[in-house]
Amino acid sequence: MTGAILSWALAFALACVSLAILLSLFRLVRGPTSGDRILAVDTLTINVIALIVVFGVAEATQTYFEAALLLAMVAFVATVAYCKFLLRGDIVE
Amino acid sequence: MSLAAEILVAALLVLGGGFILIGSWGLARLPSLMTRLHGPTKATTLGVGGCLIASMIYFPASGQAWSAHELLITIFLLLTAPISANMIAKAHLHRQGHHIDPNPADGIPDSLPAPPSGGDWATFQGAAADPHPAPQQDPPGRRRR
C-alpha cells in the first residue's frame, strides 16, 4: 500500500506523461515535414515507455517492464530505418 | 517502506514527469525542426531516467525483488537517443539541401554557413559518389507539406 505522498506523485507523473503524449501527437498530426513526424513518433514511444514505468510503480508490479524494453528497441530501429529511407530511398541495400 | 525512500521516489517521479512534459512541450511549440530536436533529446532522456531511477529505488524499498530491466532500459535509451537525433538531423539536412530552416527569433540566415576550413560540410561530401543520391529539395521558399 502506497502512502499519500507517493500516490500524489504518481498521479502528477501520470498526468504529465499523458499531457506529453498528447503534445507529441499534436506534432505528429501537424508535421509539417517528415522529419518532424519521425521525431514525433520517437518522442511518442519514449513517452509511452515512461508511462509504462510509472504505471508499473503505481501497480507495484514489474510485469510490464519487458514491454517497455521491447518498445525502446523497436522505436530505435524504426527511427533509424525511416531516416535511412529518407536519405537513400531504400532501406536494405 | 520507509518515509525517506517514499519521499525520494516521489521527488524523482515528479522531476521525471516534469521533464517529460517540458520536452514534449518544446517539441510542440518550437519553430523549426533543428530547434525541435533539442526538447525531446535532452529533457525526455532526463525524464525517463528520473522515472526509471524512481522505479529502481521503489521496488527494493517496498520489499520486492530487484530486476535489471530498468538498468537495461536506461542504458539503451542513453545509447540510442543521440544516434536517432543525429539521424533525424542528417536526413532533414539532406532533404533541405544547403538551406536550413530560417529562425526569425535568432536571426539565423536561410542557408547553411560554409565550414571554416573551406570546402563543404562532411555530411555532403559523400553525396557525389553516392549511387542513390538524396532527392533534391524544392526551392527554399516553398515548404513541402
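The values are calculated or read from the model by the stated rules, or taken from the named source; none is laboratory data. A quick note: this is a predicted structure, and the numbers were derived from the prediction, not measured. Note: areas computed on protein heavy atoms with side chains; ligands, DNA, RNA excluded. Shrake-Rupley method; radii C 1.70, N 1.55, O 1.52, S 1.80 Å.
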**Asked** So what's the gap between the Cα centers of region B:1-51 and region A:14-30, to the nearest angstrom?
**Response** 13
**Complete:** Calc'd 3J(HN,Hα), region B:21-31, phi into Karplus 6.51 cos²θ - 1.76 cosθ + 1.60 (θ = phi - 60°), Hz, glycine/Pro = x, comes to 5, 5, x, 6, 5, x, 4, 7, 9, 5, x
**Item:** Hz values of 3J(HN,Hα) by residue in region B:5-20 - Karplus curve (6.51, -1.76, 1.60), Gly and Pro given as x
**Value:** 5, 5, 5, 5, 4, 5, 5, 5, 5, 5, 4, x, x, x, 5, 5
**Complete:** Quick tally, 1.4 Å probe accessible area for B:R29, B:R36, B:R95, sorted with the most first, runs B:R29, B:R95, B:R36
**Area accessible to solvent at B:T45, 1.4 Å probe radius, in Å²** = 30
**Request:** May I ask you to evaluate 6.51 cos²θ - 1.76 cosθ + 1.60, the Karplus curve with θ = phi - 60°, for each residue of region A:49-55 and list the ³J(HN,Hα) values in order in whole Hz, giving x for glycine and proline?
**Result:** 4, 4, 4, 5, 5, 5, 5
**Item:** Hydrodynamic radius by Kirkwood, which averages 1/r over all alpha carbon pairs of chain A, in angstrom
**Value:** 14.8
**Prompt:** In chain A, what percent of the accessible surface is made up of carbon and sulfur (1.4 Å probe, ligands and nucleic acids excluded)?
**Reply:** 73
